[in-house]
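Enquirer: Before I ask anything, here is the structure I am working with.
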Amino acid sequence: MQIGILQTGASPDALRADHGDYPDFFETLLAGRGLTFRTYHVEAMEFPADVHDCDGWLITGSRHGAYEDHPFIPPLEEFVRKSYGAKVPVVGICFGHQIIAQAMGGTVEKFDGGWSIGATEYDFGGEKLRLNAWHRDQVTRVPEGAEVVASSEFCENAALLYDDLMFSVQPHPEFRPEFVEGLMRTRGPGLVPDQLMAEARDRLTEPLDDQTMAGRIASFFLTHQTTKTTDKTTDKTTGAEKLRA
């Protein structure tokens, strides 16, 4: 199953040589799960010609705010809505989570409570998953029809499911601890409070549930491929239940 990665930002120049860029992170995270990848640098206005050019779409994180005035944001929102209407599955991560919500009528804002960075625990319907975070913006108003399937003490709307057609999460399952440490060195100073970064450094060695989330993302995509092939609605229900579990 081919997944189009819609790249909406880039890893810091100082880290890219050692750690790679955002599409690389997702290819590593989802490796060995029956998916192939093609990247479109939508931040640079490189968009797919059609929502059916790939079997599914994954929207990356970005240093930009979904509410900011950038040329790529309106066409990306339209692409999200067209994919949803065409029943092509979409996954969004961090900025991707936010831009999907905004495209579907929700609200994204700079959160008054500040930043969330480093290993953070999220509640997925009673199952606790620890994933890396790096964000201040949040989805503060959930779009009509979207279901909240995960939250944290800091982020109420941490994962959303849209009729089993789009799935988005605020944390970064693709971020490894060494990359988060690099972000704290290169992007954090003067932006994120020192105490918050110190606390996040203390959690760098905590085990992550990134592979659990990778399995859920891959299952979300592959369930749609199975459904398209077999036209069995029971397959879609199973996919949705896995995300809510």
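Read-outs throughout are calculated quantities, based only on the coordinates presented, and are distinct from any laboratory measurement. Computed from a predicted structure; not experimentally measured. For neighbour counting, all protein chains shown are included, and Cβ atoms are generated from backbone atoms with ideal geometry for every residue, glycine included.
Enquirer: With only alpha-carbon pairs counted, each pair once and no self-pairs, how large is the Kirkwood hydrodynamic radius of the stretch 84-154 in angstroms?
Expert: 13.2 Å
Enquirer: Turning to a different aspect of this structure: Students often forget the sequence filter, so: which aspartates and glutamates lie under 15 Å Cα-Cα from Lys128 once same-chain residues fewer than 8 apart are removed?
Expert: Partners within reach: Glu153, Glu156, Glu206, Asp209, Asp210.
Enquirer: If amide H atoms are built 1.01 Å from N in the plane of the peptide, which residues on other chains or at least 5 residues away come under 5 Å of the amide H of Ala10?
Expert: Distant-sequence amide H within range of Ala10: Arg63.
Enquirer: Where does the stretch 2-244 land on Rg/Rh, using Cα atoms and the Kirkwood Rh? Could the numbers behind the result be given before it?
Expert: On the way: Rg = 16.8 Å, Rh = 17.9 Å.
Here Rg/Rh amounts to 0.94.
Enquirer: Hey, another quick one. On a straight-distance basis, which aspartates and glutamates could pair with Lys87 in a cross-link, Cα separation under 12 angstrom, same-chain partners fewer than 8 positions away excluded?
Expert: Straight-line reach from Lys87, under 12 Å: Asp55, Asp163, Asp164.
Enquirer: Ok, one more. Two decimals is fine: what's Rg over Rh for the stretch 1-119, C-alpha atoms, Kirkwood radius as Rh? Before the final figure, lay out the partial values.
Expert: Values: Rg = 14.3 Å, Rh = 14.9 Å.
Looking at the stretch 1-119, the ratio lands at 0.96.
Enquirer: OK, next. 5 Å is the cut-off here: which amide hydrogens, built 1.01 Å from N in the peptide plane, fall below it relative to His172, excluding neighbours closer than 5 in sequence?
Expert: Those qualifying (amide H under 5 Å, at least 5 residues apart or on another chain) are Asn132, Ala133, Trp134.
Enquirer: Around Leu58, which amide H atoms from residues at least 5 apart in sequence, or from another chain, sit under 5 Å from its own amide H, with H modelled in the peptide plane?
Expert: Amide H neighbours of Leu58: Gly4, Ile5, Leu6, Val91.
Enquirer: Treating only the Cβ atoms of Lys and Arg (+1) and Asp and Glu (-1) as charged, compute the dipole magnitude of the chain about its Cα centre; round to the nearest 20 debye.
Expert: Magnitude of the dipole: close to 360 debye.
Enquirer: For n ≥ 4 DSSP H runs only, could you compute -39500 (n - 2.57) per run for the chain, divide by its residues and tell me the 222 nm figure to the nearest 500?
Expert: Numbers: 8 runs with 89 residues, N = 245.
Counting only the DSSP helices, I get -11000 deg cm²/dmol.
Enquirer: In the stretch 36-88, which chymotrypsin sites (Phe, Trp or Tyr not before Pro) fall in coil by DSSP and have 16 or fewer other Cβ atoms within 10 Å?
Expert: On the way: sites: Phe37, Tyr40, Trp57, Tyr67, Phe72, Phe79, Tyr84; in loops: Tyr67, Phe72.
Answer in residue order: Tyr67.
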